[in-house]
Each structure stands twice: as structure tokens, then as C-alpha cells.
């Protein structure tokens, strides 16, 4: 399964909770999420630098930006 096929499969089976994904589909989707988070965090830091918020309750600072937060909500169920 290729990168694009696996991402499309994850989003097309958005609310299907039965069965399992093949190993390649899972890891391609994880790679997609890592790349997208890296790109969106860079865009957040360049565009929304003052709007970054720090999540409380964590020992290490974890910054969540506007676009990264929306992406996390979008991929919550498929991930």
C-alpha cells in the first residue's frame, strides 16, 4: 500500500471501528501525521507567533498552535 492510498483509506474509513488496518497503512498514516504536524507547527510559529498557548499540567512545555490544534481535531478519530 502506498503513502497516498493509506492516507485516503484512513480518511475514507473515518468512523469504521471494526477490523484492523494493515501494518503498512498504519505506519504511512503515522508518517503523514508527523509531516503534517511539523509543517503546521512551522506555519503556526511563523504566522501566529503571539497566539501560541502552552498546555498546563505538563512537565515539559508543549506548544499548541491554531492550525496544529485544528489538524489534531481532524485526525483524532482516524489516528
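The values are calculated or read from the model by the stated rules, or taken from the named source; none is laboratory data. Everything quoted here is computed from the prediction, not taken from an experiment. So basically every Cβ, Gly included, is an ideal-geometry build from the backbone, and we count neighbours across all protein chains shown.
Could you please give the count of residues in segment 2-50 that are outside any helix (DSSP H, G or I), without any contact (Cβ under 8 Å) to a residue 60 or more places away in the chain and surrounded by fewer than 13 Cβ atoms within 10 Å (Cβ to Cβ)? Residues that pass the stated criteria total 7.
Taken together, 72, 79, 56 contain a single residue that is modelled with pLDDT of 70 or more and either farther than 26 Å from residue 5 by Cβ or touching a strand residue (DSSP E or B) at 6+ places or on another chain (Cβ under 8 Å) (or both), which is 72.
Do you know which of the residues in segment 59-69 that are surrounded by 11 or more Cβ atoms within 10 Å (Cβ to Cβ) and not in a helix (DSSP H, G or I) is modelled with the highest pLDDT? By that ranking, first place goes to 65.
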